[in-house]
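Input: a single structure, listed below in structure tokens.
The values are calculated or read from the model by the stated rules, or taken from the named source; none is laboratory data. Owing to the predicted nature of the structure, the values given are computational and were not obtained by experimental measurement. Virtual Cβ from ideal backbone geometry, glycine too; neighbours counted across all protein chains shown.
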Amino acid sequence: MSDDSQRPIVVKKIKKGGAGAHGGAWKIAYADFVTAMMAFFLLMWLLGSTSQGDLQGIADYFQNPLKVSLAGGSGSGDSSSVIQGGGKDLTASHGQVKGGDIDAPKKTINLQKLKAEFEKAEQAKLAGLKGELETLIDASPTLKQFKNQLLLDLTSEGLRIQIVDEKSRPMFDSASSEVKPYTRVILREIGKTLNKVENHISLSGHTDAQPFAGGGRDFSNWELSTNRANASRRELVAGGMRDDKVMRVVGMASTVLFSKQEPYSPINRRISIVIMNKRTEEAILADGKASEVSDAQGVEGQVLNSQTAGVDAR
């Protein structure tokens, strides 16, 4: 047996773990705490953003859930909500307003006001075209010499351009619809300008009260005035005006005299071009009852003396 003093000495070293603060268990506890706080603040936000009526409905539901389930909400949990069980709807004065809880204000359109504004703007546009034509006449040496034969005015139907006869310078030969060379120049210059607006035009031919030579039934001032109006249409188109702008071509004979006091005056022999406003166009398209003449409203004979200065009358 060996001596105990000869045994090797064994030293045991025990490693002790770190304190709890140096481990990872605290992270789990902290995560639970943060989750709970997030849930708490989310609940607070939901309670703050929920309408008073919905909160009351939730409270009523938990106070009497069986009755709400069986009776469909009649009683303590009744609500105007689509889903039965809500409380009284107080969203009009409390909390956030849900979409659909309050009726949106209805927008109304005043059609008469819009129509009046449109007609006012259209009248201003036609007035601008009138000024442009007057400037064109003054600036053109060719047209300026015929200024006394060109009468422009605004009527209830639109902008009216009247080309009248002078005793020494008629637009057509007597009893003829053949356009004179200078009349052709006038019509073609006007035709170039009419494309600047989208409005349609109406053409009418007028004669004086002198019966047509021959006095036959087959041809009269009616046919003559119509032929002259149509001849004027062809010259406007030849000058560059679009053919589809013409909506009406009529012959009026001597039914609407420019000078009623002098029915045989050359000024009664004229071509009237009306750049129609929208209301007149719609009236023609609707029932054909719109008249090209504004005589009934006292417009036909209202022309300034300065416009008729230099026009011979017999």
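Residues that are more than 20 Å from residue 169 (Cβ to Cβ) and either out of contact with any strand residue (DSSP E or B) (no Cβ under 8 Å at 6 or more places or on another chain) or part of a loop (DSSP other than H, G, I, E, B) (or both) within the stretch 258-284 comprise 260, 261, 263, 277, 278, 279, 282, 283, listed in sequence order. The residue list 175, 209, 229 contains one member that is touching a strand residue (DSSP E or B) at 6+ places or on another chain (Cβ under 7 Å) and not in a strand (DSSP E or B), which is 229.
Assess whether residue 194 counts as being out of contact with any Phe, Trp or Tyr (no Cβ under 7 Å at 6 or more places or on another chain), surrounded by 21 or more Cβ atoms within 10 Å (Cβ to Cβ), assigned by TED's automatic domain parsing to the domain that holds residue 127 and at pLDDT below 90.
On the way: out of contact with any Phe, Trp or Tyr (no Cβ under 7 Å at 6 or more places or on another chain): yes; surrounded by 21 or more Cβ atoms within 10 Å (Cβ to Cβ): yes; assigned by TED's automatic domain parsing to the domain that holds residue 127: yes; at pLDDT below 90: yes.
Criteria met by residue 194.
Residues in the stretch 28-62 that are polar (S, T, N, Q) and in contact (Cβ under 8 Å) with a residue 40 or more places away in the chain were compared, and the one that is surrounded by the most Cβ atoms within 10 Å (Cβ to Cβ) is 51.
Quick grid of which residues meet (1) more than 30 Å from residue 58 (Cα to Cα); (2) touching a strand residue (DSSP E or B) at 6+ places or on another chain (Cβ under 6 Å); (3) modelled with pLDDT of 90 or more; (4) part of a loop (DSSP other than H, G, I, E, B):
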position: 1; (1), (2), (3), (4): yes, no, no, yes
position: 10; (1), (2), (3), (4): yes, no, no, yes
position: 14; (1), (2), (3), (4): yes, no, no, yes
position: 21; (1), (2), (3), (4): yes, no, no, no
position: 29; (1), (2), (3), (4): yes, no, no, no
position: 34; (1), (2), (3), (4): no, no, yes, no
position: 39; (1), (2), (3), (4): no, no, yes, no
position: 43; (1), (2), (3), (4): no, no, no, no
position: 46; (1), (2), (3), (4): no, no, no, no
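Here residue 137 meets the list (1) more than 18 Å from residue 267 (Cα to Cα); (2) touching a residue at least 40 places away in the same chain (Cβ under 8 Å); (3) among the hydrophobic types (A, V, I, L, M, F, W, C) almost entirely, failing just condition (2). For the stretch 170-226, a residue qualifies if it is β-branched (Val, Ile, Thr), closer than 30 Å to residue 125 by Cα and touching a residue at least 40 places away in the same chain (Cβ under 8 Å), and the qualifying residues are 183, 185, 186, 190, 193, 197, 201.
Within the group 159, 224, 187, 236, which residue is touching a Phe, Trp or Tyr at 6+ places or on another chain (Cβ under 8 Å) and at pLDDT 90 or above? Walk me through it before giving the result.
Working: 159 fails: touching a Phe, Trp or Tyr at 6+ places or on another chain (Cβ under 8 Å); 187 fails: touching a Phe, Trp or Tyr at 6+ places or on another chain (Cβ under 8 Å); 236 fails: touching a Phe, Trp or Tyr at 6+ places or on another chain (Cβ under 8 Å).
Being touching a Phe, Trp or Tyr at 6+ places or on another chain (Cβ under 8 Å) and at pLDDT 90 or above holds for just one of 159, 224, 187, 236, which is 224.
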